[in-house]
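The values are calculated or read from the model by the stated rules, or taken from the named source; none is laboratory data. Predicted, not measured: the structure shown is a model, and the values here were computed from it. Here the Cβ is made from the backbone with ideal geometry for all residues, glycine too, and neighbour counts use every protein chain on show.
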Amino acid sequence: MFNKKRISTAILIAFSGLAITACGGGGSLNKDSNNTDSTNVVTPPPQSDEVEWVAGEFDASSTFKNQCDVPRTGNDPYNNNQPYPDKAGSTLTEKMWLRSWSDETYLWYDEITDKNPESFDTVAAYFAQLKTEQTTDSGAKKDNFHYSEPTEDFYKEAQSGVVSGYGINWSFISNTPPRVLRVAYLEDNSPAQNAGIQRGDTVLSVDDVSIDTNTQAGIDSLNSILFGPTAGEAHNFRVRSNDGTEKSITITAGNIAKTPVQNVNTFTTQNNTRVGYMQFNSHIGVAQEGLIDAVNKFKADQVDELVIDFRYNGGGLLAMSSQLAYMVAGPANTDDFYYYQTIQNDKLPKEVPLPFINQEIDYSTFEGKQILLPDLNLSKVYVLSTSGTCSASEAFINGLKGIDVEVVLIGDTTCGKPYGFTPTHNCATTYYTIQFSGANYKGFGEYSDGLTPTPAPQFSADVKGCPVTDDFDHQLGDTNEALLSTALYHITNNGCPEVAQNAKQQPASYAQSNETGLSLEIPQSLYNTNMDLTWPSTGDAND
Amino acid sequence: MIKYILCAVSAIILTGCNSTQAVEPQDATLTRVNPGIVTQLQQAIQTAKGGPLVTLADDVFTKSAQLLIDHGTTKGPDGMPIMGAHNIPSEKFVLQKSGEQCFLFYPKKQLSIPLSNVECEVI
């Protein structure tokens with residue numbers, strides 16, 4: 001069943017000019033990322049005093065590229081020590097580049113109000129409003145994904161799946177006093193796991209600083225110890241376990257390898273249904289082997305049903321989600337269909353769809369390794385979800401629904417991010433503006449309010465399933481854990497348990513949080529923290 | 001006579017194969033790792049691909065001969081990785097052993113960097 005044509009297409013997608021690549025070309029992270037404009041018109045750099053905004057008229061973005069108010073000098077360590085491309089410009093030329101680039105590539109470019117760039121004090125302020133202000137059906141902002149960061153931060157690198165910290169993935173139940181910070185899951189063989197920390201443990205204090213501290217010094221200590229420890233640092237954690245006991249544990253931080261696939265197991269229900277379960281945390285290159293091993297185990301165990309726990313999977317490699325979808329559904333269900341169609345604005349060419357990828361991939365080149373993936377040939381899969389289930393994980397759900405593989409969603413509404421970017425660099429800043437959405441084989445991709453589990457789907461983004469709140473009182477993979485137990489109940493009874501209908505309630509033990517108290521900082525970089533979870537959104541960064 | 005020549009040729013071929021196998025680098029893992037070895041690996045990676053030092057796991061190359069290096073994925077205000085659906089390639093390095101020498105191999109440039117005072121074993 002080896003399908004060379006299909007894989008060739010997949011590879012083509014991976015290296016196509018825009019698609020889902022990070023910087024305008026799959027393999028060009030270091031070399032060409034400063035030259036990724038969709039328009040390649042060669043135009044002499046303008047003099048700042050020649051630049052003029054005329055409403056509704058747009059010069060090519062290349063006209064203003066690398067014309068910086070504060071041009072960098074010297075050589076770029078992230079680009080083979082080549083000289084920086086920056087030339088003398090102004091804040092106006094930077095704004096004009098943003099304006100033209102947005103007009104060329106933004107998915108909803110015709111919904112941007114073309115305001116005079118000179119009426120904005122900063123480049124950042126101007127960029128912040130270069131997006132649609134329309135709302136979704138739920139009233140939420142249509143575009144909640146409009147970012148920029150220093151280019152230097154973009155280029156930070158680490159071993160795939162390595163984070164500095166204790167190996168704890170936290171969940172903020174409440175970020176202001178009375179704060180509730182619980183352990184969501186642990187990396188295998190991490191310092192925290194080896195020290196006896198468990199999912200559900202609630203932090204009471206760290207190095208004798210109360211979790212409810214409301215002084216700036218205390219907050220600084222918590223932020224530093226919890227989210228920014230240096231490898232080798234040892235700190236004392238006082239936590240309350242699920243059984244109510246308190247424990248004091250000293251943990252030494254390290255550079256920890258993440259375990260993207262965990263708790264692979266096969267259960268047998270009372271009516272002898274064999275159910276495979278795995279927790280899949282992140283679509284990173286090193287996950288491929290774990291996914292294949294898991295599917296091989298399920299195949300050997302001859303599972304009848306499969307539960308994939310995506311609740312903390314914020315996405316990653318889209319090709320990997322396609323591989324997993326193939327491994328679940330198999331060739332009989334996926335042949336002759338595609339997995340994901342990129343949708344760009346009407347100024348850009350239509351991309352070749354991403355197929356269901358049926359072989360292993362070398363993620364350093366995106367070339368197929370000519371090794372066929374195992375498959376389970378299932379026509380139904382259970383997915384466990386929370387608001388932390390995002391992007392490539394949502395694409396998995398939507399991609400399978402597009403070929404009528406039944407997806408039963410158990411948990412909470414997913415994050416709602418069917419969009420993507422081509423990070424583009426200009427004047428030491430990397431910009432992210434929504435440039436494409438992704439649709440399944442049936443053409444559906446509008447789930448910006450998330451995919452919602454419901455016993456009785458009514459709307460396009462509804463998915464058959466059961467709404468259930470994440471259950472920190474049980475370990476992941478425990479058949480008594482609320483989401484997994486609901487999935488097992490559904491497998492047996494083809495419906496939701498009664499309690500699941502009303503299960504989305506905050507645990508009574510959590511007092512109302514004090515919204516006026518100091519908040520812990522939300523870490524922004526995966527590689528500077530061991531945080532890897534969602535938390536209550538604080539609104540648009542540009543508000 | 002022909003039989004004799006065939007045997008001789010076969011012997012030469014086999015010798016050649018054996019000789020090649022002895023020096024052919026093979027994938028390996030570290031038998032021990034410490035901060036000094038991690039630093040040496042970081043510097044070798046920097047030599048191979050440029051850029052600043054990258055963060056490596058405390059147990060790098062102890063479970064696998066292959067090392068993938070990813071870009072840091074910044075999170076948005078929603079706490080999710082900004083690049084939640086991407087096709088960003090990783091940089092790949094492989095730990096290899098040839099004879100008693102351990103190397104860091106960078107396939108992209110077909111570059112082998114010898115490592116000193118590093119113990120590794122073929123897997």
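For the reader, a short list of remarks on this structure follows.
- Applying the criterion of being modelled with pLDDT of 95 or more and acidic (Asp, Glu) to the residues of the stretch A:45-74, the residue that is farthest from A:Thr105 (Cα to Cα) is A:Asp69.
- Considering (1) within 14 Å of chain B (Cβ to nearest Cβ); (2) crowded, with 20+ Cβ neighbours inside 10 Å; (3) touching a Lys or Arg at 6+ places or on another chain (Cβ under 8 Å); (4) of a type outside the set (Val, Ile, Thr), the lone condition that A:Glu360 does not fulfil carries the number (2).
- Taking the criterion of being surrounded by 16 or more Cβ atoms within 10 Å (Cβ to Cβ) and assigned to a helix (DSSP H, G or I), the residues of the stretch A:265-308 that qualify are A:Ala287, A:Gln288, A:Gly290, A:Leu291, A:Ile292, A:Ala294, A:Val295, A:Lys297, A:Phe298.
- Listed by position, the strands (runs of 3 or more DSSP E) inside the stretch A:394-505 whose residues that are closer than 30 Å to A:Leu107 by Cα, among the hydroxyl-bearing types (Ser, Thr, Tyr) and within 14 Å of chain B (Cβ to nearest Cβ) number at least 2 are A:429-432.
- B:Phe93 vs. criteria within 10 Å of another protein chain (Cβ to nearest Cβ), part of a strand (DSSP E or B) and over 23 Å from A:Asp188 (Cα atoms): yes
- In this structure, B:Pro77 does satisfy being at pLDDT below 85, more than 16 Å from the chain's Cα centre (by Cα), within 7 Å of another protein chain (Cβ to nearest Cβ) and surrounded by fewer than 21 Cβ atoms within 10 Å (Cβ to Cβ).
- Scanning the stretch A:132-148 for residues that are out of contact with any Phe, Trp or Tyr (no Cβ under 8 Å at 6 or more places or on another chain), facing chain B (nearest Cβ under 9 Å) and not polar (S, T, N, Q) yields no hits at all.
- Meets criteria (under 30 Å from A:Leu318 (Cβ atoms), free of Cβ contacts under 8 Å to residues at least 24 places away in the same chain and in contact with a strand residue (DSSP E or B) (Cβ under 6 Å, 6 or more places away or on another chain)) for B:Ile82: yes
- Qualifying residue in the stretch A:368-390 (condition: surrounded by fewer than 24 Cβ atoms within 10 Å (Cβ to Cβ), within 13 Å of chain B (Cβ to nearest Cβ) and over 15 Å from the mean Cα position of the chain (by Cα)): yes
- Matching option when the condition is under 30 Å from A:Leu483 (Cα atoms) and either assigned by TED's automatic domain parsing to the domain that holds A:Ile410 or touching a residue at least 12 places away in the same chain (Cβ under 8 Å) (or both), among A:Thr334, A:Thr342: A:Thr334
- Residue satisfying condition, being farther than 30 Å from A:Leu222 by Cα and touching a Gly at 6+ places or on another chain (Cβ under 6 Å), within set A:Tyr78, A:Tyr109, A:Tyr126: A:Tyr78
- Of the residues making up the stretch A:283-323, those that are more than 17 Å from the chain's Cα centre (by Cα), within 27 Å of A:Ile256 (Cα to Cα) and charged (D, E, K, R) are A:Glu289, A:Asp293, A:Lys297.
- Taking the criterion of being in a loop (DSSP other than H, G, I, E, B) and more than 14 Å from chain B (Cβ to nearest Cβ), no residue of the stretch A:249-264 qualifies.
- Qualifying residue in the stretch A:168-184 (condition: within 30 Å of B:Pro89 (Cβ to Cβ) and among the polar types (S, T, N, Q)): yes
- Evaluated against (1) outside any loop (DSSP other than H, G, I, E, B); (2) in contact (Cβ under 8 Å) with a residue 40 or more places away in the chain; (3) closer than 23 Å to A:Phe421 by Cβ, A:Pro85 falls short on exactly one condition, (1).
- Some residue of the stretch A:208-219 being charged (D, E, K, R), under 17 Å from A:Gly165 (Cβ atoms) and touching a strand residue (DSSP E or B) at 6+ places or on another chain (Cβ under 9 Å): no
A quick yes/no check of all residues on (1) assigned to a loop (DSSP other than H, G, I, E, B); (2) of a type in the set (Lys, Arg); (3) under 13 Å from A:Asn426 (Cβ atoms):
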site	(1), (2), (3)
A:Lys65	yes, yes, yes
A:Val70	yes, no, yes
A:Thr73	yes, no, no
A:Tyr78	yes, no, no
A:Asp103	no, no, no
A:Thr113	yes, no, no
A:Glu118	no, no, no
A:Asp121	yes, no, no
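- For the stretch A:50-87, the tally of residues that are on the phi > 0 side of the Ramachandran plot and away from chain B (no Cβ under 14 Å) stands at 3.
- Within the stretch A:468-494, residues that are at positive phi reach partners that are surrounded by 23 or more Cβ atoms within 10 Å (Cβ to Cβ) with beta carbons closer than 8 Å, at six or more positions or on different chains, in the pairs A:Gly477/A:Tyr277; A:Gly477/A:Gln279; A:Gly477/A:Asp309; A:Gly477/A:Leu484.
- The set of residues in the stretch B:45-69 being facing chain A (nearest Cβ under 7 Å), in contact with a Pro (Cβ under 9 Å, 6 or more places away or on another chain) and outside any loop (DSSP other than H, G, I, E, B) is empty.
- Taken together, A:Ala217, A:Ala195 contain a single residue that is without any contact (Cβ under 8 Å) to a residue 40 or more places away in the chain and of a type in the set (Gly, Ala, Ser), which is A:Ala217.
- In a residue-by-residue description of the stretch A:335-344, the property of being in a helix (DSSP H, G or I), polar (S, T, N, Q) and under 23 Å from A:Ser437 (Cβ atoms) applies to no position.
- If the condition is being within 11 Å of A:Ile197 (Cα to Cα) and of a type in the set (Lys, Arg), then the stretch A:233-266 contributes A:Arg238, A:Arg240, A:Lys247.
- Residue within the stretch A:344-351 that is in contact with a strand residue (DSSP E or B) (Cβ under 8 Å, 6 or more places away or on another chain) and over 20 Å from A:Asn440 (Cβ atoms) present: no
- The stretch B:22-39, subset buried (at least 17 other Cβ atoms within 10 Å of the Cβ) and outside any strand (DSSP E or B), residue nearest to the other protein chains (Cβ to nearest Cβ): B:Val38
- Pairs meeting the criteria (first residue in the stretch A:424-447 and within 17 Å of A:Leu400 (Cβ to Cβ), second residue among the aliphatic types (A, V, I, L, M) and part of a strand (DSSP E or B), beta carbons under 8 Å, at least 6 apart or on different chains) are A:Gly438/A:Ile343; A:Gly438/B:Ala85; A:Ala439/A:Ile343; A:Gly445/A:Ile343; A:Gly445/A:Ala439.
- For A:Asp137, the criteria (1) closer than 24 Å to A:Pro349 by Cα; (2) in a loop (DSSP other than H, G, I, E, B); (3) out of contact with any strand residue (DSSP E or B) (no Cβ under 7 Å at 6 or more places or on another chain) hold in every case but one, which is (1).
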